[in-house]
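Colleague: Structure below; questions to follow.
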Amino acid sequence: GVKYDAADVRAAQRVCSALGAAVPHPLPRQEGGAPGEGAVLEAIHALRRVELPEAARVGGAATLPQLSARLLAARYDVSSLTALELLRWDYKQGERVDGVAAAGLRFGIAAICETLPALLNRSGGSRGLEEAMAAAAARRG
């Protein structure tokens with residue numbers, strides 16, 4: 001099957017148009033049916049070759065696939081975050097509601113995709129990490 005459908009392609013074409021890029025192979029609006037798989041695939045391949053205007057070239061990306069790769073890489077770049085910011089970045093919290101002894105117990109976890117030595121280095125050592133963890137816990141109450 002096709003990973004993207006006609007609605008996805010039309011949305012990408014509207015983005016290209018809003019950026020001022022030429023939109024090759026626009027999918028026509030069809031009454032009573034969607035464009036065929038061949039037309040969708042042709043439009044997808046054409047979109048991958050669209051040259052972005054200078055104003056839309058984030059990180060030097062000249063095409064939509066390059067732009068997508070740059071934005072995805074930036075999303076996961078945590079190199080500028082402090083230990084405290086990392087602890088808060090992807091934090092999930094829950095509460096135990098069943099059981100007699102632990103009812104009402106709140107717990108949390110931070111998903112940090114970094115080795116312990118790297119996190120300790122970022123924190124300035126074990127004391128710095130302990131301080132960051134205490135600060136994160138204090139903010140949560």
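Colleague: Any residue at all in segment 128-141 that is assigned to a helix (DSSP H, G or I), touching a strand residue (DSSP E or B) at 6+ places or on another chain (Cβ under 7 Å) and either open to solvent by less than 40 Å² (accessible area, probe 1.4 Å) or modelled with pLDDT under 90 (or both)?
Modeller: The answer is yes; a qualifying residue exists.
Colleague: Being more than 22 Å from Lys3 (Cα to Cα) and among the basic types (Lys, Arg), is that true of even one residue in segment 61-78?
Modeller: yes
The values are calculated or read from the model by the stated rules, or taken from the named source; none is laboratory data. This one's a predicted model, so the numbers in the text were calculated from it and none came from an experiment. Glycine also receives a Cβ, built like all others from the backbone with ideal geometry; neighbour counts cover every protein chain displayed. Just so you know, the surface numbers come from the protein's heavy atoms only, side chains and all, with ligands and any DNA or RNA stripped out. Shrake-Rupley method; radii C 1.70, N 1.55, O 1.52, S 1.80 Å.
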